[in-house]
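What follows draws every value from the coordinates through simple rules; no lab data is involved. Owing to the predicted nature of the structure, the values given are computational and were not obtained by experimental measurement. In this analysis, Cβ positions are derived from the backbone assuming ideal geometry, glycine residues included, and neighbour counts consider all displayed protein chains.
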Amino acid sequence: MLLLPLLSLVACSSDARWIIRTDVVEAGEDCAGGGLSIAGGTDVNGDDVLGDDEVETQEFVCDGADGANGTSTLVQTAEEPAGDNCANGGTRVDSGADDNGDGQLGADEIDVTTYVCNGDTPFTDVIWYGDASIHDAADAAALAPYTVVTGALEITSEEDVSLPSLRVLGSQLYVYDSDGGADGSASVSFPALESINSSYTYGTTFSAPNLATIRTNVVVEGTSPNVDYMHNVTRLNYFAKYNGAIVDDGGLENLAEVTTLYVYGNAIPSLPGLTDVGDLELYYSTNTNMGALAAVENLGDAYIYGTQLTNLTAVMDVTVQPDSYLELMYNSSLCQSTVDAFFSAVGATSYYSEGNSHC
């Protein structure tokens with residue numbers, strides 16, 4: 001079981017309720033003749049009462065200075081949609097004298113209308129400081145309220161895991177099925193996740209439909225690695241795939257730039273939008289169709305070693321960046337003449353090749 005650190009709450013919540021509190025105000029500085037205070041704020045502690053420390057905005061509806069006629073002042077509230085009066089919605093507060101004495105504030109009795117508006121930030125961040133880990137359903141339930149984890153998050157569970165609130169992860173996401181990941185039995189779901197630093201997944205189904213930013217590295221490994229969480233990701237510092245065909249190549253359809261693309265022991269995944277690769281490293285990969293990289297326009301260094309490379313002509317029109325170094329060695333499905341033709345077509349000035357003898 002994991003231990004819960006202190007909760008930290010900031011801003012205004014889409015889950016916590018916005019509460020209006022009405023208080024009688026005695027004659028004085030706020031209202032010369034007395035009146036009502038209309039306060040609004042987020043019920044941070046969930047007790048259905050707006051505490052003084054939870055008040056975020058306050059309006060005063062004041063009685064007339066003489067207060068002599070004995071007519072009651074009535075107040076009614078209604079939800080105010082987002083618009084000109086409240087950018088993020090809020091509460092409309094109508095007040096006025098009960099002229100006809102029926103105890104109801106009629107439309108013709110409204111003397112003053114004010115608005116208690118929601119704050120500018122549409123969510124509350126519940127922050128977990130440091131690293132966190134999930135080994136079972138109880139751990140997942142304990143972490144469920146948190147929207148931000150500042151450190152790394154490790155998930156090693158044979159049970160399905162869902163963190164509905166998490167939207168930002170400050171460090172690495174490590175997802176590894178505790179039985180070794182071979183059967184991919186556990187699924188991990190982050191419906192609100194927007195940003196992580198890096199990820200390592202092994203043999204686990206992983207879903208994060210709103211994830212758009214992975215700041216550094218992605219590593220996928222196992223017999224059935226899955227990249228279904230990367231549909232909105234356009235840039236990576238490092239993408240590595242080890243030993244296994246990616247289950248859902250479609251998760252990479254918008255990836256346009258990778259500083260280092262590393263593939264070991266299997267085919268290149270389909271990368272239809274990838275135009276820029278800083279370093280391409282392929283080692284002992286099988287049935288590696290370079291057509292998967294046909295969209296690449298700019299290439300830095302390339303190291304291709306011991307790979308069953310096919311369709312090298314698919315990248316003959318790539319632009320190799322100045323000072324790049326290309327090395328193609330012991331590729332069992334290539335003929336040396338094909339490799340030489342590739343070097344010539346891309347204008348390589350610094351390269352080395354050996355052992356490409358499939359002629």
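How large is the Kirkwood hydrodynamic radius of segment 256-359, in angstrom, based on all distinct alpha carbon pairs? Could the numbers behind the result be given before it?
Values: mean 1/r = 0.0757 Å⁻¹.
Here the Kirkwood hydrodynamic radius works out to 13.2 Å.
For the pair residue 319/residue 215, report the inter-label distance in nm, with labels modelled 7 Å from Cα in the Cβ direction.
Going from the residue 319 label point to the residue 215 one covers 3.1 nm.
Please work out the FRET efficiency for the pair residue 159 and residue 20, using the Cβ-Cβ distance as r and a Förster radius of 41 Å; give the result to the nearest 0.05. Show your work: numbers first, answer last.
Working: r = 41 Å, r/R0 = 1.01.
Here the calculated transfer efficiency is 0.50.
Counting other beta carbons within 10 Å of each residue's own, what order do 220, 227, 25 fall into, fewest first?
Details: 220 27, 227 23, 25 18.
Going from least to most buried by this count: 25, 227, 220.
Return the percentage of antiparallel bridges among DSSP beta bridges fully within the chain, rounded to the nearest 5 %.
35 percent
Could you give the length gained on full extension between residue 330 and residue 310, defined as 0.36 nm per residue of separation minus the Cα-Cα distance, in nm? Display every interim value, and only then the final one.
Numbers: separation 20, 0.36 × 20 = 7.20 nm, distance 1.34 nm.
Here the answer is 5.9 nm.
Just subtract the alpha-carbon distance of residue 100 and residue 257 from 0.36 nm times their residue separation and send over the number in nm, one decimal. Don't jump to the answer; show the numbers that get you there.
Numbers: separation 157, 0.36 × 157 = 56.52 nm, distance 7.13 nm.
So the extension gain works out to 49.4 nm.
Take the chain, connect every pair of alpha-carbon atoms lying under 10 Å apart with a spring to form a Gaussian network, then pick out the residue of 348, 137, 87 with the largest mean-square fluctuation.
87
Taking 8 Å as the Cα distance limit and 6 or more residues as the minimum spacing, I'd like the relative contact order of segment 256-359 as a percentage. Intermediate results must be reported in sequence, preceding the final value.
Values: 272 pairs, mean separation 22.2, N = 104.
About 21 percent, as a whole number.
Taking neighbour Cβ counts within 10 Å as the exposure measure, how do 316, 329 sort from fewest upward?
316, 329
Taking a ≥ b ≥ c as the square roots of the Cα gyration tensor eigenvalues, with a/c under 1.5 meaning rounded and otherwise prolate when a/b beats b/c, else oblate, which class fits the chain?
Values: a/c = 4.42, a/b = 2.82, b/c = 1.56.
Prolate, because a/c is 1.5 or more and a/b exceeds b/c.
Relative to the first principal axis of the alpha-carbon coordinates of the chain, what is the inclination of helix 336-345, with its axis defined by its Cα atoms, in degrees from 0 to 90 and to the nearest 10?
Helix 336-345 sits at roughly 50 degrees to that axis.
How much length, in nm to one decimal, is gained on full extension between residue 30 and residue 249, taken as 0.36 nm per residue of separation minus their Cα-Cα distance? Before the final figure, lay out each step's value.
Values: separation 219, 0.36 × 219 = 78.84 nm, distance 6.42 nm.
Taking 0.36 nm per residue and subtracting the Cα distance, the gain is 72.4 nm.
Apply the Karplus curve 6.51 cos²θ - 1.76 cosθ + 1.60, θ = phi - 60°, to the phi angles in segment 127-135 and return the couplings in whole Hz, x for Gly and Pro.
Going residue by residue, I get 9, 9, 8, x, 7, 9, 9, 10, 10 Hz, with x marking Gly and Pro.
Which of 96, 278, 41 moves most in a GNM of the chain, Cα contacts under 10 Å?
Top of the fluctuation ranking is 96.
Using label points projected 7 Å from each Cα along Cα→Cβ, tell me how many nm separate residue 60 and residue 284, to one decimal.
Taking the two extended label points, one gets 7.9 nm.
Could the peptides 74-83, 266-275 be put in order, highest first, of the mean number of other beta-carbon atoms found within 10 Å of their residues? Present the calculation step by step, with values, prior to reporting the outcome.
Details: 74-83: 13.4, 266-275: 19.5.
The most tightly packed comes first, giving 266-275, 74-83.
Let me see the pair-distance distribution of segment 123-253: every alpha carbon pair, 5 Å bin width, integer percents in order.
With a bin width of 5 Å, the distribution comes to 2, 12, 22, 27, 21, 12, 4, 1, 0.
222 nm [θ] for the chain, helices only, -39500 (n - 2.57) per DSSP H run of 4+, per residue, to 500?
Calculated mean residue ellipticity at 222 nm is -1500 deg cm²/dmol.
Report the Cα centroid-to-centroid distance between segment 289-317 and segment 339-359 in angstrom, as an integer.
Cα centroid of segment 289-317 versus Cα centroid of segment 339-359: 12 Å apart.
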